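A quick write-up on the structure given underneath.
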Amino acid sequence: MALVLDSSVSLSWFFPDERTGFTDAALELAAQEECWVPALWQLEFPNALLIAQRRRRLTRVERLEVLAEVARLRLRVDPRIHELRAISDLAERHSLSTYDAAYLELASRLDSPLITLDSQLAVAAAAAGVTVHAPGRSSASQLRRRYNI
């Protein structure tokens, strides 16, 4: 089963103070299931790491190690380029940033569950009819049972 991962989840795997049972279960899923991210993720993820380095949350060496490690996860990157008006309209309709709307659009188009830590994105996805796995909506044990991990 295909899943869509929000960058908030994938980033949490590499910061011990952000890891939880829920995010660890999502990491196990990423190793076993087909997981998708929008093309935007390829900019968003390394940018967040660079900001973390600048804030001294990790070193340059650690940042480069994380980039190498996440590449081994084989996340599938959606090549679709969004029509500017359509993604802006989706963001406006659900009170999201266009960045978050890209995750919602991908999950909707693939008819796949969305895994996120972003509560606003989770609410918007649920309102759009997308299955959402998020803290407070799904527990780590529920994720493991549902996907047999």
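Computed values, structure above
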item	result
Answer residue from segment 53-83, given it is surrounded by fewer than 10 Cβ atoms within 10 Å (Cβ to Cβ) and aliphatic (A, V, I, L, M) and is farthest from residue 101 (Cα to Cα) among those	61
Condition check for residue 26: part of a helix (DSSP H, G or I) and touching a strand residue (DSSP E or B) at 6+ places or on another chain (Cβ under 6 Å)	yes
Any pair with Cβ under 7 angstrom, 6 or more apart, that starts in segment 13-30 at a residue that is in contact (Cβ under 8 Å) with a residue 40 or more places away in the chain and surrounded by 15 or more Cβ atoms within 10 Å (Cβ to Cβ) and ends at one that is polar (S, T, N, Q) and outside any helix (DSSP H, G or I)	22/139
Of residues in segment 47-102 being of a type in the set (A, V, I, L, M) and within 14 Å of the chain's Cα centre (by Cα), the one modelled with the lowest pLDDT	73
Matching residues, segment 79-109, being within 20 Å of residue 5 (Cα to Cα), of a type in the set (Lys, Arg) and assigned to a helix (DSSP H, G or I)	109
Filtered residue count, segment 88-122, keeping only those that are without any contact (Cβ under 8 Å) to a residue 24 or more places away in the chain and farther than 19 Å from residue 77 by Cα	9
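The values are calculated or read from the model by the stated rules, or taken from the named source; none is laboratory data. Note that this is a predicted model, so its numbers are computed, not measured. In this analysis, Cβ positions are derived from the backbone assuming ideal geometry, glycine residues included, and neighbour counts consider all displayed protein chains.
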